[in-house]
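Taking it in order: structure first as structure tokens, then the write-up.
The values are calculated or read from the model by the stated rules, or taken from the named source; none is laboratory data. Just so we're clear, the structure is a prediction, and the values are computed from it rather than from any experiment. All Cβ positions, glycine included, derive from the backbone under ideal geometry; neighbour counts span all protein chains shown. Keep in mind that these areas ignore ligands, DNA and RNA; they rest on the heavy atoms of the full protein, side chains included. Shrake-Rupley method; radii C 1.70, N 1.55, O 1.52, S 1.80 Å.
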Amino acid sequence: MDRVIRELAERRKEASLGGGQHRIDAQHKRGKLTARERIDLLLDEGSFEEYDMFVEHNCTDFGMENSKFPGDGVVTGWGTVNGRIIYVFAKDFTVFGGSLSETHAKKIIKIQEMAVRNRAPIIGIFDAGGARIQEGVAALGGYGEVFLRNTLASGVIPQISMIMGPCAGGDVYSPAMTDFIFMVRDTSYMFVTGPDVVKTVTNETVTTEELGGASVHTTKSSIADAAFDNDVEALLQLRRFVDFLPESNVAEVPVIPSFDDEDREEPSLDTLIPENPNQPYDMRELIGKVVDEGDFFEIQENFAKNIIIGFARMEGRTVGIVANQPMVLAGVLDSDASRKAARFVRFCDCFSIPVITFVDVPGFLPGTDQEYGGLIKHGAKLLFAFAEATIPKVTVITRKAYGGAYDVMSSKHIRGDVNYAWPSAEIAVMGAKGAVEIIFRKDAGDEEKIAEQTKIYEQRFCSPFVAAERGFIDEVIMPRNTRRRLCRALNMLRKKTVENPWKKHDNIPL
Ligand code: HXC
């Protein structure tokens, strides 16, 4: 018995070294942690249960039978984050560059299936060189099996990808099908084909960073939801992020004890809206002053900044926030903002996370650029997402809610549950000036008349009361009481049940 126990200890020690000490040192020199170090930081201390530590590849081509490492380039298992179960797999770059073989894929699949069966989130940590080149089609098959499970798990359990090194070729599609992708600045990159292939095919010269670094994917492509400075910060933020998420589509939102009074008044909100309707203000200030302890985890902070999305808590319970940002493009809805918010609303709806929508939107962005780029369909995505969502939806119009964008932003007409407006709200088909210029086109030269009619239009239509008179707004509220009104509305909606007509699935305008 002693002998086998000693052998187990030795085999575990050997496996924990992955591709060997010299490759671990090389990993550290690049400023990266190893797969096991990452898992240790991510999970609660001592909670990791590793599976398949002794699995080896079965490839016999290119002399591979003489080159085997226990674990085969991926560390898999489960543990807890602040006591809640999380499944995890982390690519081990020290073993064949973390590349995916048939057996490596089987390890990931086992964890994916356990996560779905046991209804808990799964996190994949990526640092890998794509398909195991020596294995060829066996590796491609493995990828396909992983992708299938990503698809089947979508909407059942939260799936999160953390990119902490190379992520290229076959490795990019699994993250792309998960709910959130995070990256580490300077050490991670994602692309389908690398700079050499790009040079050959398109004759463009780009570096890996220019092609698929964190700055590209958080500002241009919107592939990544956030980027962090280094491995340690990324994993600590991931722990904070996971705390917001329910375990699955049949779990309730997590409740974290809050010491923030639900009745807390914020008198400063009474003066947040500037006198001049064209002057911007920071919507983040409103979010920060309303949610529990001002704690807001923003998603896609540097992409389509004209809309803000992210998670916060009200009375300790997770909520999704969607808010127009008047500081950027006056908060207008364009294609990027619509897509960004639509995907977020759909995530919240999958996992029964109520959404609070703060509205200050002058409409959709005009122009050939937007129209040629498919604004109609992109805008429709957000409309569709809000309309189909059966979660509690509470809306606060702070200032402008013009035209089609009024309808889209979780209005009463698309099943907003509780729709509030501040006294400063202007709910109208368009701004007064534009409206009068159309209605009184024949009086275009008569400046006095135009000014007079603009004033009349402003008084009559640019207020919350026309909508409130029709019941489109449930109540005009004092800005300082916004937190209390939201908390009460969310409490009232906690048992909300609405079912959409049966369908196989919908056909959102992709
Ligand atoms: C087998 C691999 C590998 C791979 C890296 N290695 N990628 N082994 N298959 N795909 C091994 C290297 O041989 C090396 O082994 C170790 O990992 C570290 O690699 P280095 O090149 O020394 O590291 P670095 O300079 O940091 O470069 C990392 C890299 C590069 C950019 C990822 O290795 C690379 O370009 N790899 C190939 C990428 C690729 O073309 N993958 C296939 C994509 S096709 P030793 O023994 O020296 O430590 C694909 C299609 C799937 O994925 C489609 C499915 C839908």
Taking 0.36 nm per residue of separation and subtracting the Cα-Cα distance, what length does fully extending Ile256 through Glu447 add?
62.9 nm
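Return an integer: the convex hull volume of the alpha-carbon atoms of the stretch 149-244, in Å³ per residue.
Numbers: hull volume 9.3 nm³, N = 96.
Dividing the Cα hull volume of the stretch 149-244 by its residues yields 97 Å³.
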Here the FRET efficiency for Val328 versus Asp2, based on Cβ atoms and R0 = 60 Å and rounded to 0.05, is 0.35
How large is log10 of I(q)/I(0) for the chain at q = 0.06, 0.07 Å⁻¹ when the intensity is taken from the Debye formula with one equal scatterer per alpha-carbon?
-0.33, -0.45
Whole number in Å², please: accessible area per residue of the stretch 155-253, 1.4 Å probe, ligands, DNA and RNA not counted.
39
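Going down the table (Lys377/Lys503; Lys393/Lys503; Lys220/Lys377; Lys110/Lys393), which pairs top 25 Å between alpha carbons? Can you show the working numbers first?
Details: Lys377/Lys503 22 Å; Lys393/Lys503 22 Å; Lys220/Lys377 20 Å; Lys110/Lys393 37 Å.
Those over the limit are Lys110/Lys393.
At a 1.4 Å probe radius, carbon and sulfur cover how many percent of the accessible area of the stretch 286-331?
On the way: 540 of 1140 Å².
Looking at the stretch 286-331 in its full context, I get 47 percent from C and S.
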For Phe228, distant residues with modelled amide H under 5 Å away
Met183, Val184, Arg185
Rough spin-label spacing in nm, given labels placed 7 Å along Cα→Cβ, for Val232 and Glu45:
1.5
Pairwise label distance in nanometres, Thr219 with Ile133, each label 7 Å out on the Cα-Cβ vector
3.3
Distance in nm between label sites at Thr390 and Glu65, each 7 Å beyond Cα in the beta-carbon direction?
5.7
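Work out the length of the dipole vector of the chain about its Cα centre, built from +1 on the beta-carbon of each Lys and Arg and -1 on the beta-carbon of each Asp and Glu, and round it to the nearest 20 debye. Each step should come with its number before you reach the end.
Values: 60 positive and 74 negative charges, 208 e Å.
It comes to approximately 1000 debye.
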Would you work out which of Val394, Tyr372, Val359 lies farthest towards the positive end of the dipole of the stretch 355-400? Charges go on Cβ: Lys and Arg +1, Asp and Glu -1.
Val394
Report the paramagnetic label zone for Ala176: residues of the stretch 204-232 whose backbone N is under 12 Å from a point 7 Å from Cα along the Cα-to-Cβ axis.
223
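Ordering Lys377, Lys305, Lys449 by accessible area with a probe of 1.4 Å, largest first, what comes out? Please report the intermediate quantities before stating the final value.
On the way: Lys377 120, Lys305 95, Lys449 65 Å².
Ranking Lys377, Lys305, Lys449 by accessible area, largest first, yields Lys377, Lys305, Lys449.
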So for the chain: antiparallel DSSP bridges make up what percent, rounded to the nearest 5?
35
Straight-line reach from Lys495: which aspartates and glutamates have Cα under 20 Å away, leaving out those fewer than 8 places along the same chain?
Glu247, Glu252, Glu262, Glu315, Asp349, Glu388, Asp417, Asp474
Segment Asp506-Ser154, length gained on full extension (0.36 nm per residue, minus Cα span)
125.2 nm
Could you work out how far the C-alpha centroid of the stretch 349-401 sits from that of the stretch 253-307, in angstrom?
18
